[in-house]
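Structure first, then comments.
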Amino acid sequence: MLENVLLALIFASAGIGFLLGHVAWRRTEVPGGRTYAVHMVVHGLWSLFYGGQLASDSATGMAVFDAATATASVFAAFTWLVFVLEYTGRTEWLSPRRLAPMFAQPAAYAALYVTNPVHGLVYDAVTVERGWGVSYVVVEGSSLFYLQILVIYTVLAVGVALLGSFVLRSRNLYRRQTATILIAALVVIAGNLLWVASLEGGENGLDLTPLFFGVNGIVIGWALFRYDFLNLVPVAADTLIEAMDDPVLVFDDERRLIDYNRSAQAVFSLEDDDFEEPIEPLLADVDAETERSVRVTGGSIERNDGDDAIEPERGDAVYQPSRTALTDHRDVTRGELIVFRDVTAQKRREADLEELQAGTRDLMEAETREAVAAATMEKARSILGDPFVGVLLYDDEREELVSASLSDETYLELEDKEMCVDGGIVWETYERGETRILGRDALGRGQYAHLPLEAVLLYPLADHGVIGVGIEEGADVAFSDDDVRLIEILGLTAEAAMDRAAREEELEARRAELAERNERLDEFANVVSHDLRNPLNTADGYLELARSASTGGDEHFDRIESAHARMKRLIDDVLTLARQGTDVTDPDPVAVADAARAAWGTAGAQEGHLEVEIDAVVRADEQRLRTVFENLFRNAREHAGEQATVTVGADEDRLFVADDGPGIDPDRCEEVFERGYSTRADGTGFGLSIVERIATAHGWTISVGESAAGGAVFTFHGVEFED
């Protein structure tokens, strides 16, 4: 009866070994799965062969099974070591170059054991003993036999030491998993030690090591379900998680904490007692749907419930949680991993850039350089949070940098209350045009030694001046690369705003000058209109009286009347020239064809022919454009005759007026626009000059050449057409 129970237990141990080997072999995706499978199969063979020896009735059968048992037993220790090496992450020892000599030793010993009847090197004698209702082989080992036992226990000790070291290093789930594996191994080692002790005591006891294999299998089987052994990769996962700078939390499917790294321990103030404890309060503020950013203050999480991004406050950290489901090989969710990515710097930069963007609008809306300087100072102080900020602008008259806007702290520390610079580090920055960061040593040697500054950041605002930001003395901070970039962006924006303000001031001065000039022209026109027309009208009146009282000499009166008419035309042309010379500041969309046809009707050229080859709209002063056409139409009629054909057209950004008259001498093309130039005795010489003056007032240029019909063509360049 006892015999049957013992054999059943030994063969059951073999079955457990084969079963665990099969399960582990199927987990090819898990590092360590194959090596553990091989180890358990060797354990199963050891139990199977030893059970065969105990069940055998013949001496030959017992000898064969004894040799097989010895072979499996020596290989078991080495397969155990290979598994431990891979499990604890020492995979550099698993190269073929190192594995080959490692397994050469047990292979050589097994060969010697099998062939011992020939040479007798391993054992001296073999006897058959009986106990527990079975017969079993007992060998009388030689020195080589006990030396091999020493080798085996050395290998086992190395494996135990590696696992023990890993248990001490781990402070998470893998400590318990590894401890379970270690206990299971120690059970087998303890059973084998009992057998070795019986040999040393001369008791020649039965080797019950295979029975302990069964206990080992039961413990490992429990670990399969309790700690998901073979589903977790302890070293790989533990090393990866621990190496991450971001906090990492791992939970099981019951929301119990099973792992975390040192970053998470510091951020969330975790203790070892938190393992396997539900920590819903910690997870409650992590949004599983949107993974919005969270702020961590003093170990507690503050969730962002709104649409706006959480902004970091001094002393707080902002994290972006990322959740990953942990599934096994059957895609069953076994837990969850949450990585809290530290986005504090990113959020702070975003907040600074948003504030800088809002400040850009303020800068660009400022009307003067002084207003831009004030807005720049406020934004620099707000973005960097440093109290000492100042903007200095170059004064052309004084030829030095003068404080345009200072923070209150800077103003209070100044001795003269106005910072005027024509030398020193600030002036050097202005002249060099380079961003500079200076420490306390550099500040202490110059005119700023009295300022309580630890460091200063200086940025040149091109030709406008310099912006300076100072860190308060004693502060344990320094200017970062982000600080420099933000000041450079702010400085570039301030430069553009100051350029725009300078242009606006220049434009405003030009407008005032134009207004004054136009006012003088109007005064001149009024003087000409009043002081010349009135005497001329009086002369016309006396001419009529003289003509009515005279009885002859009408030809003299006709000459006087003709002279008066010429004087009126001269006055009209001079007034037109004066009034049309002002710049066009507010042009309107004008249809060229409509303006040309209207001018044709008022130019007295009805007997001729007008061809309009353009259906476009230009930006112009409509009345002045009609004046241009009227003068050119009159010019064509005067030189080409009453039947002249005039063409109005356009080509890209050019507008032209052409006629079929005799044309203009190429050598005289430049002279035709001069005031007073005319080829007719009764001409005033102002018509084409007025045309040129109006073109210039629009920002156009005019040229004259030969038309396709052989006449003259006047071309306006730089005309702005509407799309």
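Tabulated data
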item: Length added when fully stretched, Leu94-Ile218, from 0.36 nm per residue minus Cα-Cα; result: 41.8 nm
item: Placed amide H near His698: partners under 5 Å, 5+ positions off or other chain; result: Val584
item: Net charge over other residues, Cβ less than 11 angstrom from the Cβ of Val612 (K, R count +1; D, E count -1); result: -3
item: Calculated FRET value between Gln643 and Arg619, using beta carbons and R₀ = 45 Å, to 0.05; result: 0.85
item: Label zone at Ser382 (point 7 Å along Cα-to-Cβ), backbone N below 14 Å, the range 476-493; result: 490
item: Theoretical FRET efficiency, 1/(1+(r/R0)^6), r = Cβ-Cβ of Glu513 and Ala475, R0 45 Å, to 0.05; result: 0.30
item: Residues Arg369, Arg485, Arg341, sorted so that the one with the fewest Cβ neighbours within 10 Å comes first; result: Arg485, Arg341, Arg369
item: Added length on full extension, which subtracts the Cα-Cα distance from 0.36 nm per residue, Ser58 to Leu150; result: 30.0 nm
item: Residue-span extension gain [Glu434 to Thr696] - 0.36 nm each, minus C-alpha spacing; result: 90.1 nm
item: Projected label distance in nm at Met364 and Val484, using a 7 Å step from Cα toward the beta-carbon; result: 2.8
item: Projected label distance in nm at Glu504 and Ser322, using a 7 Å step from Cα toward the beta-carbon; result: 4.6
item: Å³ per residue enclosed by the Cα convex hull of the range 459-515; result: 74
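Any read-out appearing in this document is the output of simple, stated calculations on the displayed coordinates, not a laboratory observation. Everything quoted here is computed from the prediction, not taken from an experiment. Neighbour counts run over all protein chains shown; Cβ positions are idealised from the backbone, glycine included.
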